[in-house]
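Inspection log for the structure reproduced underneath, given as C-alpha cells.
Every number here is computed from the coordinates shown, using simple stated rules; none is lab data. Predicted model only: the values in this text are computed from it and were never measured. Neighbour counts are summed over all protein chains in view; Cβ atoms, including those assigned to glycine, are modelled from backbone coordinates with ideal geometry.
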Amino acid sequence: MEKLVPNPEGFELKETAQGIAVSYRWYKPLAWFLIFFALIWNGFLIVWFSLPTPIFFKLFALLHLAVGIGLAWYVICLFVNKTEIAITSQDFATRHSPIPFPTYKNKHLKRSDIGQVYIKQEISRGKNGASVSYSLNVLSPQGTSNKVLSYDDYEKAIFIKRKIEKYMHINPQSIEGEYVL
C-alpha cells in the first residue's frame, strides 16, 4: 500500500494518461541576500580592475572574478530557472532550464536502467556549521548508482521517489546506505 505524501510547497503536478509531470522553480528567499552580496562583490571587482595597479594584482583578482561571475550566474538561475520532471511507465527525465548550470544536469533514463530508487542523506560540513541535503538516486539492475536530483528538504525527495516508484511500477526495497526518516 502506497503511503500518502502531500504535495510539497511550490511543486506543480500535471497527470496525463502516460504519466506525471512535476515542475518547480529554483527560487529561494536566500536569492535576495545573494543578489545583494553579488552586487557588492562584483562592484568591488569592477573598481579593483579599473584602478591602475600592477599586473600581479589583476592576476590575483582573476580567481575572485570567476567566483563573482559564478555567483551572479547562480543568482540569475535562482530567479528564472525551473526544473521539470517527467515520469512515465517507460521513462524518467529531468530538465533544468532556461539557463544551464554546471551542477544541474538534464537526465533521461529508461525504465530498463532503473532497478530501485533511494534517498541518501548528504552532510556537508563547513566553517559555518553543517548543511544537509537529500539526493535522489537510482540503482541500475547491474548495481550502478546514479544521482539524479538533490533537495534541501526530505519531503521533496520522498515525494519524487514515490512518484517514480508508482508510475514506473517499481516495488520499493531497502538499499544499503538509504536514508529513511
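General observations
- Considering only Cα atoms, the convex hull volume of the range 1-114 works out to 141 Å³ per residue.
- Filtered trypsin sites (Lys or Arg not before Pro), the range 1-102: DSSP coil and at most 12 other beta carbons within 10 Å: Lys3
- Model label zone, Leu63; criterion: amide N under 18 Å from point 7 Å along Cα-to-beta-carbon; scope the range 96-130: 127
- Against the chain, whose longest principal axis comes from its Cα atoms, helix 154-167 is set at around 40 degrees.
- Cross-linked pairs Lys14/Lys166; Lys28/Lys166; Lys28/Lys127; Lys58/Lys105: Cα-Cα separations exceed 25 Å for Lys28/Lys166; Lys58/Lys105.
- Value of relative contact order over the chain, rounded to a whole percent, pairs C-alpha under 8 Å and six or more apart: 19
- The range 65-133 shape via C-alpha gyration tensor axes, a/c threshold 1.5: oblate
- Taking trypsin sites (Lys or Arg not before Pro) across the range 126-181, the ones in a DSSP loop with at most 11 further Cβ atoms lying within 10 angstrom of their Cβ are Lys127.
- Residues listed by number, the range 39-56, amide nitrogen under 20 Å from Asn128 label point at 7 Å toward C-beta: 39-45
- In units of the compact-protein estimate 2.2 N^0.38 Å, the range 30-79 shows a Cα radius of gyration of 1.23.
- In a fully extended conformation the segment linking Gln121 and Ile46 would gain 23.0 nm over its present Cα-Cα distance, using 0.36 nm per residue.
- Label-to-label distance for Lys147 and Phe79 is 2.8 nm, based on points extended 7 Å past Cα in the beta-carbon direction.
- The chain, helix-only ellipticity at 222 nm - DSSP H runs n ≥ 4, -39,500 (n - 2.57), divided by all residues, nearest 500: -11500 deg cm²/dmol
- Once the GluC sites (Glu not before Pro) in DSSP loops with at most 10 neighbouring Cβ atoms within 10 Å are cut out of the chain, the longest remaining piece is 10-175.
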